[in-house]
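Following: one structure in structure tokens, then a few remarks.
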Amino acid sequence: MALKGVRRANKNPPILSHEFVIQNHADIVSCVAMVFVLGLMFQATAPLASVFIAVQHNATDPEMLTTPDTPMTYTYGSKDTAAIFFYCLISIVMHAIIQEYILDKVNRKLHLSKTKHSKFNESGQLLIFTAVSAAWGLNILVKDNIIHDISSLWGGYPEGHAQMSFMLKFFFLIQMSYWLHCYPELYFQKTKREEMPGKIQHASLYLIFCAAAYVLNFTHVALVLLTLRFVEEGLHHVCRLLYFAEKTQAAHTGFRVWNVVFVSCRLISIIISILTFHYGLGSAENQVLDAASGNFNTPFIRLNALVAVCLVQAWMMWNFIYFHLRQMRERQAEQMALRKKLAERKTRKGRRDD
């Protein structure tokens, strides 16, 4: 069965037209991805194909591989761009599969309006991704012993951070691939022009944050911050889906819980960032820039990283406060209008009685 990014029209559009590409983009992209997979089957093309599919830049010393259980460690390099490109293609295909076989079926049962239909699809896609990412992040935090010792967020920098475990590196590759795929999805999903700035901003912030943490070897603290964000954002999308499904009571209860979780995650993120960049890395002995060894712990980089994280947290907090203030004003305006109508009815009734 062919994959369809959107529901096919009754009339087949001309080949290679915009409508044709949009309707069949998942099939086209899956064929491109299959070329790299088939390349692994032939000896001549296997080395090149493996650059796109397998995790590269293995940093494990061969002399240390004394037992099969010896963990493999990896660094980053230029070959990672090939892997990001390939998994970006996979993200586009998975997006289409989730849309067609899960979200479209639910939408048909709910009979949502066009506006709610778009928002429901957006929250559905992000809920699945954030839930998987949050569970994956927690698993890495436990397996790499990051969650048990907070000093591991800065301890052993740069040697202990420049070399990543397989799952940690793969996690960041998938993150960058997913947020990169959001840009072509604007075209494939026929996103309205007024909705584009918000979606581009959302994807760009994640992509820049993940790429910067990956290149500067701040992956440990970035993993904690991302996991906190995914837990909170996943809960938010659950509440939105309940609201769109007209489960009003459950949605209101969920939003109350999310309000507390949102504020808590913002405060915890700021505290962790200050502990890591100001106290932890700030007290390290080696604070000289050395890209060869992966040491980016300089006062300038550290200050900019801390300010960037805090500004993003403050910006999200401001949007949160502004949203609730706007809702409060709307409720007050509705109450005033209702009171005015009641007062007018009483006045009319009094005149009739006279």
Percent relative contact order of the stretch 205-263, based on C-alpha pairs within less than 8 angstrom and at least six residues apart?
26 percent
Quick calc: nm separation of the 7 Å Cα→Cβ label points for Met196 and Ala292 -> 4.6 nm
Taking only Cα atoms of the chain, the Rg to Rh ratio with Kirkwood Rh works out at 1.07
How many nm separate the modelled label positions at Phe320 and Thr60, each set 7 Å beyond the Cα in the direction of the Cβ?
4.1 nm
Identify which of Phe20, Phe244, Phe52 has the largest mean-square fluctuation in a Gaussian network model of the chain, with springs joining Cα atoms closer than 10 Å.
Phe20
Leaving ligands, DNA and RNA out of it, report the carbon-plus-sulfur percent of the accessible area of the chain at a 1.4 Å probe.
66 percent
Note on the chain: contact order normalised by length, alpha-carbon pairs under 8 Å, 6 or more apart, percent, works out to 16 percent
Computed [θ] at 222 nm, deg cm²/dmol, the chain (DSSP H ≥ 4; -39,500 (n - 2.57); rounded to nearest 500)
-23000 deg cm²/dmol
15 Å beta-carbon shell around Val215, net charge (K/R +1, D/E -1):
+1
With +1 on each Lys and Arg Cβ and -1 on each Asp and Glu Cβ, how big is the dipole of the chain about its Cα centre, in debye rounded to the nearest 20?
2960 debye
At 0.36 nm per residue, and after removing the present C-alpha to C-alpha distance, how many nm does the segment from Glu285 to Ile97 gain when stretched out fully?
62.7 nm
Rough spin-label spacing in nm, given labels placed 7 Å along Cα→Cβ, for Arg108 and Ser151
5.9 nm
Need one word for the stretch 109-177: rounded, prolate or oblate. Basis is the Cα gyration tensor (sqrt eigenvalues a ≥ b ≥ c); a/c below 1.5 gives rounded, then a/b vs b/c decides.
prolate
Of the candidates Ser113, Ser165, Ser91, which one comes out as most mobile in a Gaussian network treatment of the chain with C-alpha springs shorter than 10 Å?
Ser113
Most mobile of Arg266, Arg329, Arg229 per a Gaussian network model of the chain (Cα springs, under 10 Å)?
Arg329
Spelling it out for Asn295: with amide H atoms placed in the peptide plane at 1.01 Å from N, the residues 5 or more places away or on another chain with amide H under 5 Å from its amide H are Asp290
Under the span-like rule (Cα at least 24 Å along the axis, Kyte-Doolittle mean at least 0.0), DSSP H helices of the chain
80-98, 114-143, 166-188, 196-215, 219-244, 248-273
Principal axis dimensions, largest first and in whole angstrom, of the stretch 230-354 by Cα:
91, 28, 19
Take the residue pairs Lys105/Lys192; Lys109/Lys192; Lys169/Lys247; Lys79/Lys143; Lys79/Lys116 and return only those whose Cα atoms are more than 32 Å apart.
Lys169/Lys247; Lys79/Lys116
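The values are calculated or read from the model by the stated rules, or taken from the named source; none is laboratory data. As the structure is a prediction and not an experimental result, all values here were calculated from the model. With ideal geometry, Cβ positions are generated from the backbone for all residues, glycine too; neighbour counts draw on all protein chains shown. Areas reflect the complete protein model, heavy atoms only, side chains present, ligands, DNA and RNA absent. Shrake-Rupley method; radii C 1.70, N 1.55, O 1.52, S 1.80 Å.
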